[in-house]
Amino acid sequence: CVAVCPTGALTEVDQTAHVVRALSDPDKTVIVQTAPAVRAALGEEFGLEPGTLVTGKMVSALRRLGFDYVFDTDFGADLTIMEEGTEMLNRLSRFLEGDESVKLPILTSCCPAWVKFFEHQFPQLKDIPSTARSPQQMFGSIAKTYFAEKMGVERDNLIVVSIMPCVAKKYECGRDEFKVDGNPDVDYAITTRELANLIKLANISFDRLPNEDFDMPLGESTGAAVIFGTTGGVIEAAVRTAYELYTKKPLPKLDFHELRGMDGIRQATIDFAGFPLKIGIAHGLGNARRLLEKIESGESEFHAIEIMSCPGGCIGGGGQPYHHGNAEILKKRQMALYQEDSNKKIRKSHENPFIIQLYEEFLEKPMSEKAHHLLHTKYFDRT
Ligand code: SF4
C-alpha cells in the first residue's frame, strides 16, 4: 500500500509483509524496537482514549506476534543523548574558550524529514546539525554489532524491525550510510497504524493482553528518553545530561517546564551554573525555516535548537493514528509521555545502567573513535 506522507516529502511503503516473512523464517533472529511516541497513541486504534499509555500491552502484543526480543528505541534515545549532549558540550566549551571555528547553534538531528529538508533547502548549513544518528539508527547499529556479538548471531541472520510513528523513518533506514556491505542496520520500519493492523490480522485481543516488560539489555531506558516523542523533549533530555556533565553537580530540578508546550517556535534560557544557555525549539518545517533564516542572517542568538518536522513532534507523526488536526489529541499524547517520564525510576540518560555497561564493554566513551564510527553520520548537499 502506498500513501502520502503528511510531511509532504515522502511516500509511505508498507513493509509489513517483509516483517511477517522474517518472523516465519526459523533461520532469522528477529528483534523489534518501539519508538517513544507509539505507546502514547497505539491504544487509539483499539478504541482507547487518546493519551492512554499502552506500553505493557504493546510489548505483550509484539511478543505474541513472534518477535524473539522486544526492545525499546528509548535505549537508542538515551544513547543519542550521551553522544549529542557530549558533542554539544564540546562545541560550547570551545566556543567559550574563544575558538572562532566553532559552529553554533548545534541543531538536533534525530528527525529524518528535517535532515532531508536541510540537505535540500539549506545545504550551506549542513555543518551545524549534530552528527549524532537518530535513536532508531543508533539502536540498529548497536543491535547488529554489540548485541549480535553477545548473542553469537551472524549479522545476516539478525533482522531489526522498528515500530515508528513516522513515515520518514522508512526512508532513513534505507540511506546508504546506515548499511554495512549493503546490509542495513535497521531492516524494516512499520508505522503505529501498520502495527495495529498486524495485531488485528493476528486476531490478538489487545484490550485483554497483560502488561509485560521489555527485554534486556536494549529495553532499558530512562524518563529522558521517553519524552523524545514530543516537541521539546529531545532538548530537555539533552539539558538534563549536559547540565550534570558540565557543572559536575546534580540538577536542582528535573522538569524544565520552560521547554514544554505546543507553540510552533519557543525559546528559553537555562542557567548552566552561571552560563545562560539559550535554547530554541521549532516543530513544523515552516517554523524550522524561520529559525534557519535567522541563523543564516546572523541574527540567531541560540546555542542549541531542537527541530522536529511534525506538529507536536513524533506524537503527531505521519504514521500515528489519524488525529485530523485535533490539537487536544496531541496534547493528551504529550501528557501521556510526561506521565511515563515521571513514573520512571531513572530519568537521566547518563544514569541508564545498560548504557553505562555498553560504554564500559564496547564503546569506551562518548565520541570515542568506535562511537564515532557506529553512532555518528554526515550530511549531503542534495540540491
Ligand atoms: Fe518522523 Fe515526524 Fe518524528 Fe520527524 S517529527 S521523526 S518526521 S514522526
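The values are calculated or read from the model by the stated rules, or taken from the named source; none is laboratory data. Source: prediction; values computed, not measured. Backbone-built Cβ (ideal geometry, glycine too); neighbour counts: all protein chains shown.
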Exactly one of Glu244, Glu293 is surrounded by fewer than 18 Cβ atoms within 10 Å (Cβ to Cβ) and touching a residue at least 40 places away in the same chain (Cβ under 8 Å), and that one is Glu244
Test of understanding: among Ile270, Ile279, Ile227, which residue is crowded, with 18+ Cβ neighbours inside 10 Å, more than 28 Å from Val38 (Cβ to Cβ) and touching a residue at least 24 places away in the same chain (Cβ under 8 Å)? Ile270
Go over the candidates Lys170, Lys150, Lys126 one by one and state the one that is within 15 Å of the ligand (Cβ to nearest atom) and among the charged types (D, E, K, R). Lys170
Any residue at all in the range 88-96 that is in a helix (DSSP H, G or I), closer than 20 Å to Glu244 by Cβ, hydroxyl-bearing (Ser, Thr, Tyr) and away from the ligand (no atom under 16 Å from the Cβ)? yes
So which residues in the range 241-270 are of a type in the set (Gly, Ala, Ser) and not in a loop (DSSP other than H, G, I, E, B), if there are any at all? Ala242, Ala268
Select from the range 129-147 the residues that are more than 16 Å from the ligand (Cβ to nearest atom) and among the aliphatic types (A, V, I, L, M) and list them in ascending order. Ile142, Ala143
Is it true that some residue in the range 29-39 is more than 26 Å from Pro321 (Cα to Cα) and either surrounded by fewer than 21 Cβ atoms within 10 Å (Cβ to Cβ) or more than 16 Å from the ligand (Cβ to nearest atom) (or both)? yes
Got a sec? Which of Ala196, Ala189 is in the same structural domain as Asp156 (by TED's automatic domain parsing), within 22 Å of Gly51 (Cβ to Cβ) and modelled with pLDDT of 95 or more? Ala196
Among the residues of the range 117-135, the number that are under 20 Å from the mean Cα position of the chain (by Cα), assigned to a helix (DSSP H, G or I) and over 17 Å from Pro165 (Cβ atoms) is 3
Tell me yes or no: at least one residue of the range 91-106 is under 18 Å from the mean Cα position of the chain (by Cα), among the hydroxyl-bearing types (Ser, Thr, Tyr) and closer than 28 Å to Gln267 by Cα. no
Of those in the range 153-167 that are over 30 Å from Gln334 (Cα atoms) and of a type in the set (A, V, I, L, M), the residue nearest to the ligand (Cβ to nearest atom) is Ile159
Matching residues in the range 345-365 - criterion: being in contact (Cβ under 8 Å) with a residue 12 or more places away in the chain and among the acidic types (Asp, Glu): Glu351, Glu361
Using the structure shown, decide if Glu154 is of a type in the set (Asp, Glu) and either crowded, with 24+ Cβ neighbours inside 10 Å or touching a Gly at 6+ places or on another chain (Cβ under 7 Å) (or both). no
Only strands (runs of 3 or more DSSP E) wholly contained in the range 1-84 count here; list those with 3 or more residues that are at pLDDT 95 or above. 29-34, 69-72
Can you name the residue in the range 291-315 that is within 19 Å of Thr269 (Cβ to Cβ) and under 13 Å from the mean Cα position of the chain (by Cα) and, of all such residues, is farthest from the ligand (Cβ to nearest atom)? Glu306
Any pair with Cβ under 6 angstrom, 6 or more apart, that starts in the range 311-327 at a residue that is in the same structural domain as Ile265 (by TED's automatic domain parsing) and closer than 13 Å to Met262 by Cβ and ends at one that is within 13 Å of the ligand (Cβ to nearest atom) and β-branched (Val, Ile, Thr): Gly312/Thr231; Gly313/Thr230; Gly313/Thr231; Ile315/Thr230
Pick from the range 173-192 the residues that are within 16 Å of the ligand (Cβ to nearest atom) and more than 20 Å from Leu62 (Cβ to Cβ): which of them is surrounded by the fewest Cβ atoms within 10 Å (Cβ to Cβ)? Gly174
Find the residue count for the range 357-383, including only residues that are within 19 Å of the chain's Cα centre (by Cα) and surrounded by 12 or more Cβ atoms within 10 Å (Cβ to Cβ). 10
Among residues of the range 74-84 being away from the ligand (no atom under 16 Å from the Cβ) and over 28 Å from Arg382 (Cβ atoms), the residue surrounded by the fewest Cβ atoms within 10 Å (Cβ to Cβ) is Met82
Looking only at the range 100-118, filter to residues that are touching a residue at least 12 places away in the same chain (Cβ under 8 Å) and away from the ligand (no atom under 14 Å from the Cβ); which one of those is surrounded by the fewest Cβ atoms within 10 Å (Cβ to Cβ)? Lys103
